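Asker: Pasting in a structure now, in structure tokens, and then I'll have a few things to ask.
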Amino acid sequence: AEADAGVLDVAVIGGGQAGLAAGYFLRRTALRFAILDEGAAPGGAWRQGWESLTLFSPAAWSSLPGWAMPPAAEGGNPSRDDVLAYLAAYEARYALPVRRPVRVGALRRVAEGLRLEGAGVTARAVISATGTWSHPFIPDIPGRDSFRGVQMHSAQYRRPQDFAGQHVLVVGGGNSGAQILAELSRHATVTWVTERPPVFLPDDVDGRVLFERATARWQAQLEGRPPPEALGGLGNIVAVPAVREARTRGVFAHSLRPFARLEAEAAIWADGKRIPADAIIWCTGFRPALGHLAPLGLQDPEGHVAVGPEGQALAEPRLWLLGYGDWTGMASATLAGVTRAARGVVQGVVRALA
Ligand code: FAD
């Protein structure tokens, strides 16, 4: 329930899918909570993303607790706009107390709990659900600042037409790299750069199988068994329709290992190879957006926080982390996986505040 500006029982930082899933379970308790979100509108990171971005699973496999995502407007897997419409409707359907736009600057320890600077809120317990989108990762390649072409991270990429007629380096062998390469290759010439030879999942393996695999790993972990070998073979690129179409054009036929440095107009490899480029799109992933936790001194060199099985910070029992990926709960950074993690976190919070 919306609380006054005094001390809340629970503050959720982040109103993306993870924050909303936590809100769904919190509203079923007697706890007074609010969700503080920097975004100016619902949807979290789904408000960004490129125009053609689609989910790698069907709608039914991309649902938050309580209400199945409606089928995609155009058939096939949901588009970014379908996800945005769903998350906005979800927030309204459950009348979740989201305050936006509110940016939480830092968390500080106070007598009543944790103070959220910038939000004018103090809470007895805090659930951090700030995602990774606002913390894109780009490797520190020598000469990056001297490259005169366009450089952007996949988080800023919007459409392939912006690169028509150029030569573009696409760096990164995950789903973002493959999907951006697929559409860019119809407008520009491209060189694909990946750390290791990219591995595609078999065509019939989509997000559902990734979720089943994560569940099997999670089950094994709970029962203390070794993780089962990944059914459908290892790999991380889902062959969504756009990727399959590009494959028929030979777009993924080969990729180069990382270049050693950049000059004004070219990338240079250790063996001397030099490839001139007009632009670089870094599809090199993300890191958890945890800057607001800095004053608590909880993070390791990778920026991770040691958490228990329900996402509670081991060194700060009033803080829970949700939705950052497997280290905060198997598949917790996906629509399908965040429900289980959110249920666990809220159960932990209810017990801690009892
Ligand atoms: P976010 O959606 O990033 O939400 C975090 C919210 O917290 C944002 O609104 C942000 O503004 C806010 N915030 C951040 N810092 C602060 C602060 N200090 N104070 C206040 N608010 C703050 N998952 C799937 O299930 N299926 C897919 O097909 C899929 N495809 C993906 C494709 C791409 C390119 C990427 C990057 C991810 C994909 N994911 C997919 C993964 C995942 O679903 C998304 O990353 C999702 O957005 C994660 O949700 P979240 O709520 O954890 O974080």
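Asker: Take the residues of region 70-79 that are open to solvent by less than 40 Å² (accessible area, probe 1.4 Å) and in contact (Cβ under 8 Å) with a residue 24 or more places away in the chain: which is nearest to the ligand (Cβ to nearest atom)?
Answerer: Once the filter is applied, the top-ranked residue is PRO78.
Asker: Given the criteria under 26 Å from TYR24 (Cβ atoms) and not hydroxyl-bearing (Ser, Thr, Tyr), does ILE127 qualify?
Answerer: yes
Asker: Then there's this: Filter region 9-22 for residues that are within 11 Å of the ligand (Cβ to nearest atom) and not aliphatic (A, V, I, L, M); which is farthest from MET69 (Cα to Cα)?
Answerer: If we take residues in region 9-22 being within 11 Å of the ligand (Cβ to nearest atom) and not aliphatic (A, V, I, L, M), then GLY14 is farthest from MET69 (Cα to Cα).
Asker: Further, regarding this structure: Within the bounds of region 100-112, is there any residue that is open to solvent by 20 Å² or more (accessible area, probe 1.4 Å), closer than 25 Å to LEU296 by Cα, among the basic types (Lys, Arg) and away from the ligand (no atom under 14 Å from the Cβ)?
Answerer: Yes: one or more hits.
Asker: Restricting to region 7-35, what's the tally of residues that are in a loop (DSSP other than H, G, I, E, B), surrounded by fewer than 24 Cβ atoms within 10 Å (Cβ to Cβ) and in contact with a strand residue (DSSP E or B) (Cβ under 6 Å, 6 or more places away or on another chain)?
Answerer: Of the residues in that region, 2 qualify.
Asker: If the requirement is being among the basic types (Lys, Arg), within 21 Å of the chain's Cα centre (by Cα) and at pLDDT 95 or above, which of these qualifies: ARG47, ARG32?
Answerer: Among ARG47, ARG32, only ARG47 is among the basic types (Lys, Arg), within 21 Å of the chain's Cα centre (by Cα) and at pLDDT 95 or above.
Asker: If you don't mind, another one. Determine which member of the set ALA164, ALA188, ALA178, ALA216 is touching a residue at least 12 places away in the same chain (Cβ under 8 Å), among the hydrophobic types (A, V, I, L, M, F, W, C) and within 16 Å of the ligand (Cβ to nearest atom).
Answerer: From the options ALA164, ALA188, ALA178, ALA216, the qualifying one is ALA178.
Asker: While we're here: Give me the residue from region 295-354 that is of a type in the set (Phe, Trp, Tyr) and crowded, with 21+ Cβ neighbours inside 10 Å and, out of that set, nearest to ILE13 (Cα to Cα).
Answerer: Across region 295-354, the extreme among qualifying residues is TRP320.
Asker: Okay, next question. Name the residues in region 272-294 that are in contact with a helix residue (DSSP H, G or I) (Cβ under 8 Å, 6 or more places away or on another chain) and either aliphatic (A, V, I, L, M) or open to solvent by 30 Å² or more (accessible area, probe 1.4 Å) (or both), would you?
Answerer: Residues satisfying the conditions are ASP278, ALA279, ILE281.
Asker: Also: Could you grab me the full set of residues in region 36-47 that are near the ligand (Cβ under 6 Å from one of its atoms) and either without any contact (Cβ under 8 Å) to a residue 24 or more places away in the chain or open to solvent by less than 10 Å² (accessible area, probe 1.4 Å) (or both)?
Answerer: LEU36
Asker: Would you mind telling me which numbered condition in (1) near the ligand (Cβ under 10 Å from one of its atoms); (2) without any contact (Cβ under 8 Å) to a residue 60 or more places away in the chain THR54 fails?
Answerer: So the condition that THR54 fails would be (2).
Asker: Do we have any residue at all in region 275-296 that's without any contact (Cβ under 8 Å) to a residue 24 or more places away in the chain and more than 18 Å from the chain's Cα centre (by Cα)?
Answerer: No, region 275-296 contains no residue that is without any contact (Cβ under 8 Å) to a residue 24 or more places away in the chain and more than 18 Å from the chain's Cα centre (by Cα).
Asker: Out of everything in region 57-69 that is open to solvent by less than 60 Å² (accessible area, probe 1.4 Å) and part of a loop (DSSP other than H, G, I, E, B), what residue ends up being farthest from the ligand (Cβ to nearest atom)?
Answerer: GLY66
Here is a yes/no grid of residues against (1) at pLDDT 90 or above; (2) in a loop (DSSP other than H, G, I, E, B); (3) open to solvent by less than 50 Å² (accessible area, probe 1.4 Å); (4) more than 15 Å from the ligand (Cβ to nearest atom):
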{"residue": "LEU169", "(1), (2), (3), (4)": "yes, no, yes, yes"}
{"residue": "ARG196", "(1), (2), (3), (4)": "yes, yes, no, yes"}
{"residue": "ASP204", "(1), (2), (3), (4)": "no, yes, no, yes"}
{"residue": "GLN221", "(1), (2), (3), (4)": "no, no, no, yes"}
{"residue": "GLY250", "(1), (2), (3), (4)": "yes, yes, yes, yes"}
{"residue": "ALA267", "(1), (2), (3), (4)": "yes, no, yes, yes"}
{"residue": "ALA270", "(1), (2), (3), (4)": "yes, yes, no, yes"}
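The values are calculated or read from the model by the stated rules, or taken from the named source; none is laboratory data. Remember, predicted model here, so these are calculated numbers, not experimental data. Please note: Cβ atoms are built from the backbone with ideal geometry, for glycine as well, and neighbour counts cover all protein chains shown. Calculation scope for accessible area: heavy atoms of the full protein, side chains included, ligands and nucleic acids excluded. Shrake-Rupley method; radii C 1.70, N 1.55, O 1.52, S 1.80 Å.
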